Structure formats: structure tokens, C-alpha cells
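The structure appears right after this line, and notes come after that.
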Amino acid sequence: MRIPLATLLLGTLLLAEPFAAGAQPTLTREADLPRIYEREIAAFWTVVGKRHDFSGVDGVRIAAMSFRHPGSDRGIVISSGRTESFIKYKEVVYDLWHAGYSVYVLDHRGQGFSGRILRPASEGTSSEAKRAVREIGHVERFEDYVEDLKTFIDRVVKPDGNRNLALLAHSMGGTIASLYLQEHSRDFVAAVLMSPMHEPNISPLPRRQCWIFKIRPVPLEAPVLGKGPFVDNDDFNPDRDMTSSRIRFEILVRGEFRRHPEVRLGGPSRKWAYEACEAAARAREEAGRIESPVLVLQAGEDNVVEPKGQEQFCKKMNETNPGSCQITRIRGAHHEMLIETDEYRNRVLSMALEFISAHTQ
């Protein structure tokens, strides 16, 4: 008699041992992904994952997922980057859960499966024009991301009763996480920021010149100059695609986004650029308010964010709380370290798990 897949998966989870500090977690390998992705990782996501939809700031619908681990009282919350959706994190969630953690991840407002902020001007707008508007990355206030995350944690994460929670953030999600920790450090015992957007390279301007993105008469909702709707390329370019792993990019980004075209996002609006510029500056300047220990993992080949912003962030934290912020540069890694080749991806994920485990025992 064939045992149902759901029974096998749940049985595996119940037997899973929480990851111990100093131990080496068992992580998926790039070479195995084509064989196991649908059969194991995607099936795991379907069987164990629970969808949550809730109202964020101004009633915007926020989509999220939770993956409760029945054998653990520790959890990890993921704050993802701009243009991303939680479907891009299927392999990461799979590995974190099998390391012994409940995992929680939301799609930030205006992207992924969450509600979009901009709407076409009229019903007579062409389908192509509607798509162009839908695919503009926009936010009215960067703080809205932070408030949505707080709602998610209070309504979905905390009720699960995890004894200790850690925060894992990437890129834009790292700025959101940094601002969140400045206000709510006690919600997390530790945080790991991967390629955090503490200084986006959309502009080398200092904070006092962020206003340049608000110059009229160009509407604030218009895309940043040179940026447009989502482009689905058939080729692979490590610099453009921000990873040297073609396999992970093909499966986790191109494959998932072609399967779910509604999650696609193109370039940011001028308002988003202004808000991001201001938010990154606040993240750096007020980092000393953070009480939780933080590990910053810096991609050596990053062409999306500037490393000096991350270094200023850590320096500010350590001025107030000596030793509270650690920073490690991963030479050779591109911005998307969580979908990089095993050489980089499994190294940073192991470092993150060791750091989190040390603070969640």
C-alpha cells in the first residue's frame, strides 16, 4: 500500500531534531534541485504551509504564509526584498524548517500576492497600460511596510506560541527589519540581514538630497527614469539576475514567476525611490536604538546596494551597544545570496542558522 505524501512529510517533521549551535545543518544542494523541487520542496510547501491574508495599513490586503514545526518552539520570520514573493523562498523555507524552526513569511504591500498600491487611471485603459501600472513598485510611506510586518507578527506569528523568534531579512527587507528593530527589538532575540538595503545604489545622493526624486512635474507614481515593467528574459546574466546560480534562478525565479505571472514586478516609482532613500538613511542613523544582536552578511559582488551603508549601520549599533552587530563579507557572492551557488548560499545560510541557534537555545 502506498503511503500518502502528506503522511510521509508530517512524519519526517515530527522526527526532526532542532538545529543545535555549532552543528552543521543539512541543506539542499543545487545539483539536486531539478530532481527534488516539485516532488519534495513544492509538495512540502503545499502540505505544511498555511496561507494567511490580512488587512495592512489603509486596508491593503497582505498575503502571507506560515509553516508550523510541531517539534520546535522556535521560529524565524522572513522579510523579503523588493520585487520578491514568498514563492521565491520555497527552498529557504524548506531548509529552515528542517533545521527545526517554524517559518513565517509575508509578501510586502505592492508586490507578490499582496494588494497593489497603484490603479489604472480609467476603465478604458488598455490591458498593456494596466499591466504597466500594476508592475510599478510603489509605496506611499516606507513605514507602511514596517507596520504591516508588526501586524503580521502580532496576528499570525505570536499566537503560535514560539518561545524565541529570529528575523531573517534580505535587501529591502533588511531596511524594513532595521526600522522594525528600532521600535520593537523585544519581538526578536536575534536578526540576520543579508545584503540589506542600508544604502541603495539607485542614487549616490546623501539623505539631504533624497528630495530630487520628488521634483515635479513628473508624477511621483511614474517609474524611476530608465525603469519599466517586468521583463521576462530567456537568457541568464549573473550581473543582471544577481546570482551566479543558473539552476536556482531558473527554478525559483523564472519558473515560479512564469507559473504565477500575477506576482511580477518591474521598476520602482519615484515615490518609492524617495521613501527608500529616506528609510535607508534612518536605518543607518538610528541603528543605535536596536537592542537585539544582529549579523550582517555582505555580498562581495553586490551591484544593488552599497557596502558602506551596511558598515555605517553596524558601526552605529556598536557605538551604543558594543559587540551587538557583526558584519561578514562573502567575497564572490552576488546580491541574491539565498539563491546563489552552494559555495555561497549554503555558507551564508549555515552562518545565519548558527547565529540564530546561539540566541534561541
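Bear in mind these aren't lab numbers, they're just calculated from the coordinates by the rules spelled out. Quick caveat: nothing in here was measured; it's all calculated off a predicted structure. Methodologically, a virtual Cβ is constructed for each residue, glycine included, from the backbone with ideal geometry; neighbour enumeration extends over all protein chains shown.
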### Antiparallel bridges, percent of DSSP beta bridges restricted to the chain (to nearest 5)
30
### Query
According to the square roots a ≥ b ≥ c of the eigenvalues of the Cα gyration tensor, what is the shape class of region 209-361, taking rounded for a/c under 1.5, prolate for a/b larger than b/c otherwise, and oblate for the remainder?
oblate
### Query
Mean Kyte-Doolittle of at least 1.6 and a Cα length of 15 Å or more along the axis: which whole DSSP H helices of the chain meet both?
5-15
### Task
Let me know the shape class of region 34-359, please: from the alpha-carbon gyration tensor, a ≥ b ≥ c as square roots of the eigenvalues, rounded when a/c is under 1.5, otherwise prolate if a/b is greater than b/c, or oblate.
rounded
### Query
How much mean residue ellipticity at 222 nm does the chain get from its helices, if each DSSP H run of length 4 or more adds -39500 (n - 2.57) and you divide by all residues, to the nearest 500 deg cm²/dmol?
-9500 deg cm²/dmol
### Query
Do any trypsin sites (Lys or Arg not before Pro) in region 136-181 lie in a loop, going by DSSP, with at most 12 other beta-carbon atoms within 10 Å of their beta carbon, and if so which?
Arg163
### Task
Return the single residue from Thr243, Thr28, Thr46 with maximal mean-square fluctuation; model: Gaussian network over the chain, springs between Cα atoms under 10 Å.
Thr46
### Query
What's the exposure ranking of Lys227, Lys50, going from fewest to most Cβ atoms within 10 Å?
Lys50, Lys227
### Summary
Fraction of alpha-carbon pairs in region 76-129 farther than 12 Å apart, rounded to whole percent, equals 69
### Contact order normalised by residue count of the chain, Cα under 8 Å, 6+ apart, percent
20
### Query
Going down the table (Lys88/Lys271; Lys90/Lys130; Lys50/Lys88), which pairs top 18 Å between alpha carbons?
Lys88/Lys271; Lys90/Lys130
### Query
How about region 130-165: which chymotrypsin sites (Phe, Trp or Tyr not before Pro) there are in a DSSP loop, with at most 16 other Cβ atoms within 10 Å of their Cβ?
none
### Task
Convert each backbone phi in region 225-240 into a coupling constant with the Karplus relation 6.51 cos²θ - 1.76 cosθ + 1.60 (shift: θ = phi - 60°), then list the ³J(HN,Hα) values in order as whole Hz, x for Gly and Pro.
3, x, 10, x, x, 4, 10, 9, 7, 8, 8, 10, 9, x, 6, 6
### Task
Please find, in a Gaussian network model of the chain (springs between Cα atoms separated by less than 10 Å), the residue of Trp45, Trp272, Trp211 whose mean-square fluctuation is greatest.
Trp211
